[in-house]
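Trainee: One structure coming up, written as structure tokens, with questions to follow.
The values are calculated or read from the model by the stated rules, or taken from the named source; none is laboratory data. What you see is a predicted model, and the numbers here were worked out from it, not measured in a lab. When we count neighbours, we look across all protein chains shown, and the Cβ atoms used for this are built from the backbone with ideal geometry, even at glycine. To get the accessible areas, we keep the full protein, side chains included, count just its heavy atoms, and leave off ligands, DNA and RNA. Shrake-Rupley method; radii C 1.70, N 1.55, O 1.52, S 1.80 Å.
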Amino acid sequence: MSAIYTTDEYGRPFIIVREQDKKHRKTGIEATKAHIVAAKTVSNIVRTSLGPRGLDKILISPDGDITISNDGATIMSQMAIENQIGKLLVELSKSQDDEIGDGTTGIVVLAGALLEQAEELLDRGIHPIRISDGFERACKIAVAHLDKVSDVIPWSKDDTSDLFKCAKTSLGSKIVNKCHDQFAQIAVDAILSVADLERKDVDFELIKMEGKVGGELANTSLVKGVVIDKDFSHPQMPKEIKDAKIAILTCPFEPPKPKTKHKLDITTVKEFEELQKYERDTFESMIKQVKDCGANVVACQWGFDDEANSLLLQHKLPAIRWVGGPEIELLAIATNGRIVPRFEDLSGEKLGSAGTIREMTFGTTNENMIVVEDCANSKAVTVFVRGGNKMIVDEAKRSLHDAMCVVRNLIVDNRVVYGGAAAEISCSIAVDKEADQVSSIEQYAMRSFARALDAIPMALAENSGLPPIETLSFVKSQQIKQGITSLGVDCMDTGINDMKEQFVFDPLISKRQQFLLATQLVKMILKIDDVIVHKTDDQ
Amino acid sequence: MARRGQVPMMQPQVIVLKEGTDTSQGVPQLLSNISACLAVCDTIRTTLGPRGMDKLIVDGQGRVTISNDGATIMKLLDVVQPAARTLVDIARAQDAEVGDGTTSVVLLAGELLKEVKEFVEEGVSSQVIIRGFRRAAELAIERIRQLAVSVDRTDAAEARALLEKCAATSMNSKLIGSQKEFFTKMVVDAVMRLDQDQLNEDMIGIKKIPGGAMQDSLLVDGVAFKKSFSYAGFEQQPKAFDAPRIVCLNVELELKAEKDNAEVRVDRVADYQAIVDAEWKIIFDKLDAIMATGANVVLSRLPIGDLATQYFADRNVFCAGRVSKDDLDRVCEATGCRIQSTTTDLTAAHLGTCERFEERQIGGQRFNLFRGCPEAKTCTIVLRGGAEQFIDEVERSLHDSIMVVRRAIKSHAVVAGGGAIEMELSRYLRESARRIEEKQQLVITAVAKALEVVPRQLCENAGFDTTDFITQLRARHAQDPDRFRWYGVDIEEEAVSDLFEKFVWEPALVKINAIASATEAACLVLSVDETVSSQKSQDPMAAGRPMPGR
């Protein structure tokens, strides 16, 4: 169908819009329906990865890289969705990821459920804007209700047990739940060591994640310091240094070169010898400068050639070369050292200090890593993830990131709601109740919103192998009967429905954000009644 | 091919124009131009009003835009038909002039053409119609000026209420309609912060950060911009200052060759050191000059290299390089510093200050915030939302509102929206037309009918019974022009009511401009009776594209 089709008085079509025949247009309800179908398809894909018993997806990129993930945002972004509405959903989960870091699957499932409900309402002939108005109202009620059912969890630097439980909830659905406690503890410790509690600010740049294939998940550890994926420049250098004083250099271990283009003509043997002597002298004076200021380890952003390397060894100066920019920075922060741009500026107080620096060797492979521990400043930490294969290591990193986000969110705002879809069910009940008091058409949309909220517990139950409808109706009736809002779906089949007892917590801001974002996106999709797509040639 | 002769007899063809030139002329040409305009109007018809829908447009590069803004949609449609292009232009002109009402202006122009299409078919000279249009426009604009209600400027609270109401009306049709209380406050606050004489909207920075809900958007009473690319050492710099001393530079602080093509010839190896030292001295001189002023926040448009970053980190100074020009301009505006292109002669007098500077995490990004600026004639709106397209649309909507508020500050006259003013004008024109003896009577009546398109479309988009509402409105306005002057379509209540009391206010200027430019456009389309479009010169892109028809 062409974009704009008009005929003149003789019935001949004429062109108004550039390359009209290449454009593709959909209007009215047809367009809205097409969007809903697209969104539903996308949300159905991630639906099965919701909850502790949710399953993972395997994604193969065009170059054959394999990703296995349970994280909604990762799955969505790797799927390379073409459809416009699908892309919006991808952005939606990405936004949740950027802002909150967790709950990326839930938000897509919720948006899909809302659109599914909207479709039914459209079939009944309700104007799309009325539907979105109703959703908006319902969302307001739900968010207000979330505030009501939320609980404040106390935590302090010494008592982190509740933070730990929240991190556990987030990790519940991930592959790492084999080492559940350990990972949760790592997440909590990592965040607490870099958090600025006064400003409630957590800088993720200070947490580095290193992964290495080999070993098992249980070997994952938190290093209060820095791990550098490098080894000492010479194999004969000592493998462990105690009470290290580190010189952090950003200049190469070679005679200084001007940045301006330069040229040196060598015409005689004597001149050549002079040059050689000069080079050696410079090396020696550099090493002397390093030694004089008291350093016993050198970390260098650039490299040095074999000659310098052996000179360093002769002078018993272990050195690490080709350390990347971010690592240099992290190292400087961790050891309270200063980055030194040239040898002349080296002085005692600019050195970083660390308790130990040691080279770690893994298994039978000849791979080494340098671990800098017991640093002067514990603000920089590194999580060192181990796992059987690359996919697991990557997924473990992602899961840990999610868990750390949860902890971060709780530091910013320590209110929680109960997981296991308890909050959703309770909001659904609240919205349903309010809907009865609305006199206009929005009533229908509000009820649909409540039903869409039910989709989350249903998906949870389904993924956990429980009968979805039975479970939902049981929990719902119990919530109403007992008036306890913390009852949820018992995914782990422990026989306890009260999520308070199971310690399944979600940060309030994460849930709130899910509701708001999903509703706003659905509103946007419902508001579109006209799609003009410029077809590419291959279509 | 020359002109297609409609003469029945075969005559030798005289070739006047180059082969391939397309010409069309006369009444049929006029009519096809009108149909082209109507087709374009139909596309954006449904975006009008609070229940208007959005359009999703994907362009050739696969960029997606979702919008409700008439001017944006018209631009993205990429209209090539010359007559229809005029509609695109008026939408753009309206956008530039008043910023709002872009959909209504296109709609109105289209409707004017539609109403007189019959006349053209019946052979009325287009000059007569044009004169009629002009007369009607004059009458209408005069009437708006009479009716417009001026709000007392002296009372600050009143004036603010007026601005908020105008902003709210312009937001009604947009995605942010449901959050309008929140956003109107933000928009009005933002505009009030500007220099009230200049009202330069460039001084309102809009930053978009995906993530967060719309309600998480915030207004910073100063400047905010995204952390620029930083080098190693940046994290060791302090990230918060009270009363910082800010220096803005246009200087590259990097160790590099002073001249790109310079070459140094070294005779002896020992000379190496001398040259290197000279190079270091150049940059250290610059850095020392900056430090000598006592600055502790250094911003530069050009890169600040790793050496300088570490130098500043050593001295507890914050620095950011590659700050974009408009951000830096706003920093200057807010803190009172001046951008310096050299570090020589830098004195403490060139520094600016504010209450607090800090780097903060907003969403997934880190932001530099300068707050509590002493002479803040600038502010920054940080927008949040679920998807990029979503934030883009919010930005466009806010832009419209900002423009409306700006207009309203300048002229305090307002009229009621929701089709009320159009109905009143329609009634007035109909009445005036009866006293005119010439053919123009018909044309002015046609204009009167065309004006009804706004309330009609509002009803249609909302799914109301259009005929019912229009007849009701017509009756009300005829019964008692004074009492029912501001009756229009009340979408909320699904009824006909006094919209002035419901605070659906729009600056009178928006309406005046809309009517004037819609009439101009319609006149322009009517006055063209021939299109001569020369064939595109061998454009490889155009190969195979069908010839533009008449």
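Trainee: Residues of the stretch B:45-72 being more than 9 Å from chain A (Cβ to nearest Cβ) and closer than 18 Å to residue B:105 by Cβ, which ones? Break it down into steps so the answer makes sense when it comes.
Mentor: Filtering the stretch B:45-72 down to residues more than 9 Å from chain A (Cβ to nearest Cβ) leaves B:45, B:48-49, B:63, B:65, B:67, B:69-72.
Hits for the stretch B:45-72 are B:45, B:48, B:49, B:67, B:69, B:70, B:71, B:72.
Trainee: Hey, can you tell me all the residues within the stretch A:54-110 that are in a helix (DSSP H, G or I), more than 9 Å from chain B (Cβ to nearest Cβ), more than 14 Å from residue A:399 (Cα to Cα) and open to solvent by less than 50 Å² (accessible area, probe 1.4 Å)? Before you say what the answer is, go through the steps one by one.
Mentor: Going through the stretch A:54-110, the residues in a helix (DSSP H, G or I) turn out to be A:72-78, A:84-99, A:104-110.
Keeping just the survivors that are more than 9 Å from chain B (Cβ to nearest Cβ) gives A:72-78, A:86, A:93, A:104-106, A:108-110.
Remaining after also requiring more than 14 Å from residue A:399 (Cα to Cα): A:76-78, A:86, A:93, A:106, A:108-110.
Once the filter is applied, which keeps residues that are in a helix (DSSP H, G or I), more than 9 Å from chain B (Cβ to nearest Cβ), more than 14 Å from residue A:399 (Cα to Cα) and open to solvent by less than 50 Å² (accessible area, probe 1.4 Å), the stretch A:54-110 yields A:76, A:86, A:93, A:106, A:108, A:109, A:110.
Trainee: Output the residues belonging to the stretch B:304-322 that are more than 14 Å from chain A (Cβ to nearest Cβ) and surrounded by fewer than 22 Cβ atoms within 10 Å (Cβ to Cβ).
Mentor: Scanning the stretch B:304-322 gives a single hit, B:322.
Trainee: Quick check on the stretch A:141-179: of everything there that is among the basic types (Lys, Arg) and surrounded by fewer than 17 Cβ atoms within 10 Å (Cβ to Cβ), which residue is nearest to residue A:415 (Cα to Cα)?
Mentor: Kept after step one, since they are among the basic types (Lys, Arg), are these residues of the stretch A:141-179: A:148, A:157, A:165, A:168, A:174, A:178.
Now restrict to residues that are surrounded by fewer than 17 Cβ atoms within 10 Å (Cβ to Cβ): A:148, A:157, A:178.
Numbers: A:148: 11, A:157: 17, A:178: 27 Å.
Looking at residues that are among the basic types (Lys, Arg) and surrounded by fewer than 17 Cβ atoms within 10 Å (Cβ to Cβ), I get A:148.
Trainee: Suppose we keep only residues that are within 22 Å of residue A:376 (Cβ to Cβ), out of contact with any strand residue (DSSP E or B) (no Cβ under 6 Å at 6 or more places or on another chain) and not β-branched (Val, Ile, Thr) within the stretch A:154-198. Which one would you say is modelled with the highest pLDDT?
Mentor: Applying the filter and picking the extreme gives A:192.
Trainee: Can you name every one of the strands (runs of 3 or more DSSP E) wholly within the stretch B:261-372 that holds 3 or more residues which are at pLDDT 85 or above? Spell out how you get there, then give the answer.
Mentor: Details: elements: B:263-266, B:297-300, B:318-320, B:356-362, B:365-371.
Once the strands (runs of 3 or more DSSP E) in the stretch B:261-372 are filtered for at least 3 residues that are at pLDDT 85 or above, what remains is B:297-300, B:318-320, B:356-362, B:365-371.
Trainee: While we're here: When the stretch B:504-550 is examined, which residues are found to be farther than 26 Å from residue B:137 by Cα, outside any helix (DSSP H, G or I) and either of a type in the set (A, V, I, L, M) or modelled with pLDDT of 80 or more (or both)?
Mentor: In the first step, residues of the stretch B:504-550 are kept if they are farther than 26 Å from residue B:137 by Cα; the result is B:531-550.
Among the residues that remain, those that are also outside any helix (DSSP H, G or I) are: B:531-539, B:543-550.
Once the filter is applied, which keeps residues that are farther than 26 Å from residue B:137 by Cα, outside any helix (DSSP H, G or I) and either of a type in the set (A, V, I, L, M) or modelled with pLDDT of 80 or more (or both), the stretch B:504-550 yields B:532, B:543, B:547.
Trainee: Same structure again: Test residue B:139 against the stated conditions and say whether it is in a helix (DSSP H, G or I) and either within 14 Å of chain A (Cβ to nearest Cβ) or surrounded by 23 or more Cβ atoms within 10 Å (Cβ to Cβ) (or both). Before you say what the answer is, go through the steps one by one.
Mentor: Details: in a helix (DSSP H, G or I): yes; either within 14 Å of chain A (Cβ to nearest Cβ) or surrounded by 23 or more Cβ atoms within 10 Å (Cβ to Cβ) (or both): no.
No, not satisfied.
Trainee: How many residues are more than 14 Å from chain B (Cβ to nearest Cβ) and out of contact with any helix residue (DSSP H, G or I) (no Cβ under 7 Å at 6 or more places or on another chain) when one looks only at the stretch A:319-347? Walk me through it before giving the result.
Mentor: Step one: list which residues in the stretch A:319-347 are more than 14 Å from chain B (Cβ to nearest Cβ), which gives A:319-321.
Filter again for out of contact with any helix residue (DSSP H, G or I) (no Cβ under 7 Å at 6 or more places or on another chain), leaving A:320-321.
Adding up the residues that qualify gives 2.
Condition check ((1) crowded, with 21+ Cβ neighbours inside 10 Å; (2) modelled with pLDDT under 90; (3) among the small types (Gly, Ala, Ser)) across all residues:
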| residue | (1), (2), (3) |
| --- | --- |
| B:72 | yes, yes, no |
| B:75 | no, yes, no |
| B:79 | yes, yes, no |
| B:84 | yes, yes, yes |
| B:89 | no, yes, no |
| B:94 | yes, yes, no |
| B:99 | yes, yes, yes |
| B:102 | yes, yes, no |
| B:106 | yes, no, no |
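Trainee: Okay, next question. Which one of B:190, B:224 is surrounded by 17 or more Cβ atoms within 10 Å (Cβ to Cβ), in contact with a Phe, Trp or Tyr (Cβ under 8 Å, 6 or more places away or on another chain) and modelled with pLDDT of 85 or more?
Mentor: Working: B:190 fails: in contact with a Phe, Trp or Tyr (Cβ under 8 Å, 6 or more places away or on another chain).
Only one candidate passes the filter, namely B:224.
Trainee: Please go through the stretch A:437-491 and pick out each residue that is β-branched (Val, Ile, Thr), assigned to a helix (DSSP H, G or I) and open to solvent by 60 Å² or more (accessible area, probe 1.4 Å). Can you show your working first?
Mentor: Restricting attention to the stretch A:437-491, the residues satisfying the condition of being β-branched (Val, Ile, Thr) are A:438, A:441, A:456, A:469, A:471, A:475, A:480, A:484-485, A:489.
From the residues that got through so far, the ones that are assigned to a helix (DSSP H, G or I) too are A:456, A:469, A:471, A:475, A:480.
A:469, A:480, listed by residue number.
Trainee: State whether the residues of the stretch A:183-206 include one that is within 18 Å of the chain's Cα centre (by Cα), away from chain B (no Cβ under 14 Å) and assigned to a strand (DSSP E or B).
Mentor: no
Trainee: Of the conditions (1) assigned to a strand (DSSP E or B); (2) open to solvent by 20 Å² or more (accessible area, probe 1.4 Å), residue B:209 satisfies every one except a single condition; which number is it?
Mentor: Here residue B:209 clears every test but (2).
Trainee: Still on this structure: Report yes if residue A:511 is under 30 Å from residue B:495 (Cα atoms), within 14 Å of another protein chain (Cβ to nearest Cβ) and of a type in the set (Lys, Arg), otherwise no. Walk me through it before giving the result.
Mentor: Details: under 30 Å from residue B:495 (Cα atoms): no; within 14 Å of another protein chain (Cβ to nearest Cβ): yes; of a type in the set (Lys, Arg): yes.
Answer is no for this residue.
Residue-wise test of (1) open to solvent by 20 Å² or more (accessible area, probe 1.4 Å); (2) among the polar types (S, T, N, Q).
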{"residue": "B:197", "(1), (2)": "yes, no"}
{"residue": "B:200", "(1), (2)": "yes, yes"}
{"residue": "B:220", "(1), (2)": "no, no"}
{"residue": "B:231", "(1), (2)": "yes, no"}
{"residue": "B:236", "(1), (2)": "yes, yes"}
{"residue": "B:245", "(1), (2)": "yes, no"}
{"residue": "B:262", "(1), (2)": "yes, no"}
{"residue": "B:267", "(1), (2)": "yes, no"}
{"residue": "B:287", "(1), (2)": "no, no"}
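Trainee: Where residues in the stretch A:261-318 are within 14 Å of another protein chain (Cβ to nearest Cβ) and of a type in the set (Asp, Glu), which of them is most open to solvent (accessible area, probe 1.4 Å)?
Mentor: The selected residue is A:273.
Residues checked against (1) of a type in the set (Asp, Glu); (2) surrounded by 24 or more Cβ atoms within 10 Å (Cβ to Cβ):
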| position | (1), (2) |
| --- | --- |
| B:358 | yes, no |
| B:372 | no, no |
| B:390 | no, yes |
| B:393 | yes, yes |
| B:400 | yes, yes |
